[in-house]
Amino acid sequence: MDLLLQYLANGLVTGSFYALSALGLTLILGLMRVVNFAHGELYMLGGVMGWWATTRLGLDFFSGLVLVAVAMGAFGWLVDRFLIERIRDQGEEAGILLTIGLSIFLANTALLAVGTAPLKVEAPISAAPAFIGPIVLTKLRLFAVAVCALMVAAAWLTIHKTRLGRAMRATFQDPTAARLVGIRTANVYASTFAMGTVIASMAGMLLGSIYSAQVAVGGLVSMKAFVVVILGGMGSFAGAIAGGLLLGVAEALWGGYVATGWVDIIGFALVILTLVFRPYGLFAKRAERA
Amino acid sequence: MKFERNCLFAFLALAALVPFAVRDQYVLHIAIMVLFYAVLATSLNLVVGYVGEFSLGHTAFLGTGAYAAAILSTQYGWPMWLTIPVAGLLSALVGALIGAITLRLQGPFFVIVTLSFAEVLRLVADNWIGLTNGPMGIAGVPQPGVLAEAGNLASKQFYYAVAWGLLALALYLSWRFVHSNAGRAAVAIRENRYVAQSIGVRPLTYSMLALVLGALLSGMAGGFYAHYISFVGPEMFRFAFMVSMIIMVLVGGKGTLVGPLIGALLVTFLEEYLREAKELRLSIFGLAVIAIVLFLPQGLMGFAGRRRERRNPAPAAATGPATPPAPKVAHHASGRTA
């Protein structure tokens, strides 16, 4: 029984990390309809830059996080304005191929710059264990879960309560109408992509302090993020969180009771089943489907 | 159509001459890889170019074929003449199974679920050690008996001939498919699903046909690869293979039969040539992909086709300057269906 609780706790913690790493993608894929294969690389860049800021520049964790957010935000903005802008109306294929090219470029250029070794991001608090009843977790992980919750809330508030968020929602409902009422949709698209990039890179740095930042991690992160977004339903925040937690718990239980080697198969099996039986995701509000 | 046919014949004829002109084993190896990739790109093009759905799971069929050929020949001692066709049939079966599930989806959903299937198969290949020998892969896939006495060059020439035969078969089957009623129906679905449905074309039937044919061809290519390289590992299902295939199809021009051939030729040589740049190789490759998307959206064949149209415009288009093909309506519509 205690073991089950421990598995559940581990699953929920990993799940909230999954949710956080998928949050950026739910904006970019769910709202902008760009099938972003470079998502994992944006996450990876966040981790690598976080390592660079904390160990090479000697910043503390939070100033490093701010630096990463600003730099990656600018990067995301530029990527959208100079690359994605040009293929906006060409359907998904162009976006897929473009982001695949971008991910190959980013991953291999980062490989040249910092090599394959795992990079340790300086953690903000100690990794001492914390005991909650029969469950053992590290303080660092609990802290990270709290930051996840904070970031999700911040992203939700940005989309639902600010002027920019209103412009975003208008643009993604009907770009032509949005342009007609004077919204600069090009800026809105770029802001959305930048926001997705910032969230992905912050997730990369935060989780880099728990695991480690690695250049080669991008592909795996992209795949997990796709799984979470599909499970939760396109563009749904609550869905991304629920999808992340579901995936985390399912993997923890499967890894604990069945077989550790096959853990990664869970996500794909869930995606296939979801798309067959509930093609618009488990939690989407609109009945939008393939 | 005539132009296309002549191009295909010219390509095959030129390819048939290569082993007589080339005595260098390395160059011959590259040439074999070009033919192998040309088969793969042709098979992928049937789905991407003619059905218009972006499949990222084509490695599933390639890997299934390769593993089938490797297992049949190492464990059951089947000869290569049997394993390659059986590998193709098995992949076609897998294609029918995967297609029955995935072809109901469109757009990003189709992309991701096909990718999921390839990843699932990769994990199976990695973990089902009893059948696939896990991450170690299956080494020592036997060569056909004819090659027992032959030297290195002769066996390269032999494999070149086999690959050429496969490519000829792939082009013949694709040609027959594309210029049949089924192929025209597939194109109708690609251009506008709803119009196609309204005139009685059932999308699932024809996209399934294209997918199964593509799976058959890439399974045979996989079987060939297993014998030629004589090693099969879970890397067959890797995304990297998929990326090469996709780039070949799109660089050459999807929806044309000649395009994938040009793409295979170009990308294989580019990859080899960039080997000189060592570590920078993949970075440059990534940039090249981005540049192609931005500057050659229709691929080389699309570009050439527009040039040809401009030079001798069809009577209907003679009044105005030839414009690039309008963006497809189907893409926008495909996002929101009840």
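The values are calculated or read from the model by the stated rules, or taken from the named source; none is laboratory data. Computed from a prediction, not measured in an experiment: that's the story for all the values here. Cβ placement follows ideal geometry from the backbone for every residue including glycine, while neighbour counts extend to all protein chains displayed.
Values computed for the structure shown
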read-out	value
Residue satisfying condition, being more than 14 Å from every other protein chain (Cβ to nearest Cβ), farther than 28 Å from B:V251 by Cα and out of contact with any His (no Cβ under 9 Å at 6 or more places or on another chain), within set B:G77, B:G88, B:G95	B:G77
Yes/no for A:A123 being surrounded by 14 or more Cβ atoms within 10 Å (Cβ to Cβ), among the hydrophobic types (A, V, I, L, M, F, W, C), more than 14 Å from chain B (Cβ to nearest Cβ) and part of a helix (DSSP H, G or I)	no
Pair list, Cβ under 7 Å, 6 or more apart: segment B:90-106 residue without any contact (Cβ under 8 Å) to a residue 40 or more places away in the chain, other residue buried (at least 23 other Cβ atoms within 10 Å of the Cβ)	B:L105/A:L275; B:L105/B:V113
Unique match (being more than 21 Å from B:Y26 (Cα to Cα) and either buried (at least 20 other Cβ atoms within 10 Å of the Cβ) or at pLDDT 85 or above (or both)) among B:V267, B:V289	B:V289
Residue check for B:G305: more than 21 Å from A:F37 (Cα to Cα) and either part of a helix (DSSP H, G or I) or within 13 Å of the chain's Cα centre (by Cα) (or both)	yes
Among (1) within 18 Å of A:L220 (Cβ to Cβ); (2) within 21 Å of the chain's Cα centre (by Cα), the one test that A:F143 misses	(1)
Residue identified as modelled with pLDDT of 90 or more and either β-branched (V, I, T) or surrounded by 15 or more Cβ atoms within 10 Å (Cβ to Cβ) (or both) among A:F61, A:F75	A:F75
Residue in segment A:44-58 that is more than 30 Å from A:S126 (Cβ to Cβ), assigned to a helix (DSSP H, G or I) and away from chain B (no Cβ under 11 Å) present	no
Residue count, segment A:236-269 (criterion: of a type in the set (S, T, N, Q) and crowded, with 20+ Cβ neighbours inside 10 Å)	1
Selected residue [over 21 Å from A:H39 (Cα atoms), away from chain B (no Cβ under 14 Å) and touching a helix residue (DSSP H, G or I) at 6+ places or on another chain (Cβ under 7 Å)] from A:A242, A:A250, A:A200, A:A213	A:A250
Segment A:73-130, residues that are on the phi > 0 side of the Ramachandran plot and free of Cβ contacts under 8 Å to residues at least 60 places away in the same chain	A:G91
Test: A:E85 is surrounded by fewer than 19 Cβ atoms within 10 Å (Cβ to Cβ), more than 17 Å from the chain's Cα centre (by Cα) and not basic (K, R)	yes
Subset of segment B:292-338 (residues that are modelled with pLDDT of 70 or more and within 14 Å of chain A (Cβ to nearest Cβ))	B:I292, B:V293, B:L294, B:F295, B:L296, B:P297, B:Q298, B:G299, B:G302
Cβ-Cβ under 8 Å pairs, at least 6 apart or on other chains, segment A:213-241 side more than 15 Å from A:P118 (Cβ to Cβ) and of a type in the set (S, T, Y), far side at pLDDT below 85 and surrounded by fewer than 24 Cβ atoms within 10 Å (Cβ to Cβ)	A:S236/A:F283; A:S236/A:A284; A:S236/A:K285
Condition check for A:L29: touching a Pro at 6+ places or on another chain (Cβ under 7 Å), surrounded by 24 or more Cβ atoms within 10 Å (Cβ to Cβ) and over 30 Å from A:V136 (Cβ atoms)	yes
Which listed residue is of a type outside the set (A, V, I, L, M, F, W, C) and crowded, with 19+ Cβ neighbours inside 10 Å, from A:T162, A:T197	A:T197
Residue satisfying all of: in segment A:44-58; of a type outside the set (K, R) and surrounded by fewer than 18 Cβ atoms within 10 Å (Cβ to Cβ); nearest to A:P118 (Cα to Cα) among these	A:T55
Qualifying residue in segment A:254-262 (condition: within 13 Å of another protein chain (Cβ to nearest Cβ) and touching a Ser or Thr at 6+ places or on another chain (Cβ under 9 Å))	yes
Residue among B:V251, B:V267 that alone is in a helix (DSSP H, G or I), farther than 30 Å from B:T83 by Cβ and in contact (Cβ under 8 Å) with a residue 24 or more places away in the chain	B:V251
Scope segment B:55-87; condition surrounded by 24 or more Cβ atoms within 10 Å (Cβ to Cβ) and not in a helix (DSSP H, G or I); matching residues	B:S55, B:L56, B:G57
